[in-house]
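The values are calculated or read from the model by the stated rules, or taken from the named source; none is laboratory data. Note that the structure is predicted; figures quoted are calculated from it, not measured. Glycine gets a Cβ as well: all are built from the backbone with ideal geometry, and neighbour counts include every protein chain shown. Note: accessible area is taken over every heavy atom of the protein model, side chains too, but ligands, DNA and RNA are not part of it. Shrake-Rupley method; radii C 1.70, N 1.55, O 1.52, S 1.80 Å.
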Amino acid sequence: MNSSSLTEQRVSRCWLLLVVCCLFSGLLAGIGPAAAATAPLSLGHDTERYEVGPHLEILEDAKGQWAIGDVAQPAFNAAFSPIHSSTVNRGVSSSTYWVRFSLCQLPSSASVQSRKIPWLLDIGWPFFDQVDAYLVADASSQTPPTIVPVPFYNVFRPIGGRLSESQGLLARLPKLSPAEQTIYLRLRPEGVFFLYPVICTVKSYLETSALRMLWFGLYLGLLLALLLYNLFLYFCLRDRSYLWYVTSIAAIGVYFLGINRLTFEFLFDHPPTTVLRLSLVALAASLIALVLFARSFLQTKARAPQANRAMQGLLLLLLAVLLQVPFMSMAYLNRCYLVVGGLVPFALVTASAVCWCRGYRPARFLVLSCGLYGACGIVYALTFMGWLPFNDATFHSFQIGSALEAIFLSFALADRINLLRQEREQLSHSERRHKELAVTDGLTELYNRRYFEAQIDLEIEGADRLGHKLTLMMLDVDNFKAFNDCYGHQVGDRVLATLGTILLSCVRDKDVACRYGGEEFTIILPGGQNSTAVEIYERINGELAAHRVGSEGRDAGQITMSIGVAEHLPGEPAVNLVRRADQALYEAKARGRNQIVIASREPEAAFFSCFDSPSSSTQPHL
């Protein structure tokens, strides 16, 4: 089994493990104590918040035909079913539901009544097309019950706005008596039926709202920070992946802002249907941007053509769902989004795993981020389908997954930047190496003649402009042809390599040593003059004296060199300087080799001053 198959198996196992963990945590969060029958809720003076769920009973009115006068009759008591949970989740539904619970005000709480602190009924889910509340008392088989409507208005803005009476979130309960009374709620859902009712005081409500604001503000702050940072990177790098990432973050933030109850409590006074449709548009835009980000980030067109075609089909499917948002029912749209919302992370995890297996390292972060996003999305989808309980863990699972996804996608982008930086460094190093090889002699590791011819022009131009000295040395190995004929070219190559090392060790840092051709070398001395050349000659001569060459026990003796030196004259072109140094070299050869000859400073002069190695302690006569 190859490494790609092993990696794919590991990714699949991690994906399944994430889903199982998320499902298990959602189930655990929904487990609560069950009761055999509902009991009345007693409101005391020492508690400011009560969960209504364990006291609830529910009745489904599929056709929406019953009125409060019908369901409040004793004949309907057997039709109601107890909830036995803090929350109610019927998933995607278009039925009308009646829920009821009994409550009473304990006599010991008279002080609360005297302070006129009202009890608020918080239904916990704002997306109902119609909400009606009634307080029913004195219900019996002999007398008709007393029914008092409970209005959902005059609490807060925009809860007290024009829509709060029919589509409200909070109701102010009337004065309660110690006798048992029953609250009936008629709820017509807008696509999904969730219910988490509580009875609380104004103080408790405000404290809970402040806590909700804190956590949601932290979430939006995280998204905003990632958005601004990656938007800055996009303008710097002009990489389209960052633009799609920013679009996905912005759209998912708008989606969660739209479905958050704080939006209806404090920001908008619009029908829930309108806000829900706009939120679904934002969710579709986020998923489309996420798919486009993955295509750009993974470069699937080149790395995974089949995955790229699958993503193109997924984009068409998302676009088709998006176009239906203004026209179709919310129940139908919710089912469509449950399907496409599960397909997107699965497709992205698969494509990322394929690219990872094919050697693209940053894809591993995309596997992790989309895996978490998909696992939390599955929990979220199963909650909307009514298969998991509605609670903080399950309802906010997708929001948590989106935050984790945004963080890990930032890691993926950072890893990609690091990879691109390493590739650029490697490319830059390779370019430098190729440039060095283009101007470096492979045998001696000195610069070659091409580099010498370019550099001598630059050095002469600088010397003439700044008025600095410049000297050129030309060196030639004595009797090298005969040496090669006697000992072979391999030994001769070793001699040349040794000479390259000696020359590099004897020149100054700013000097330029080159192999001119064959056994001939040049040294450019910026800022140097004839005396500088003599000092370098003496160091070279001392190093040559310490080296003896030979082959297979045969001693070839000492290497010697003849050297010609020419000091640059103001305005002198490179060709003249090289010719004078070369003439000085030939003069050293003619005078018996193993010596240095310095060309005269007078361009028309034909004489040279010479300085041979036996009298190296004497300065040359110029």
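Once you reduce segment 487-526 and segment 377-418 to the center of their Cα atoms, the two points are 67 Å from each other.
Just add up the charged neighbours of Ser296: K/R +1, D/E -1, any other residue whose Cβ is under 9 Å from the Cβ of Ser296.
Values: positive: Arg240, Arg295; negative: Asp239.
Once all neighbours under 9 Å are counted, the net charge is +1.
Ligands, DNA and RNA aside, Glu423 has an accessible area near 90 Å² when probed at 1.4 Å. Between Leu427 and Ala210, the modelled label-to-label distance comes to 5.6 nm, taking each label 7 Å out from Cα in the direction of the beta carbon.
With K and R counted +1 and D and E -1, the other residues having a Cβ less than 14 Å from that of Leu499 yield a net charge of -4.
For segment 301-385, chymotrypsin sites (Phe, Trp or Tyr not before Pro) meeting the loop criterion (DSSP other than H, G, I, E, B) and having at most 11 other Cβ atoms within 10 Å: Phe327.
Working note: Karplus 6.51/-1.76/1.60 with θ = phi - 60° gives segment 256-263 the couplings 5, 5, x, 8, 7, 5, 4, 4 Hz, where Gly and Pro are set to x.
Keeping the other protein chains in place, figure out the carbon and sulfur percent of the accessible area of segment 432-479, with a 1.4 Å probe. Answer for segment 432-479: carbon and sulfur cover 48 percent of the accessible area.
Computed with a 1.4 Å probe on the full set of protein chains, the accessible area for Trp119 sits at about 20 Å².
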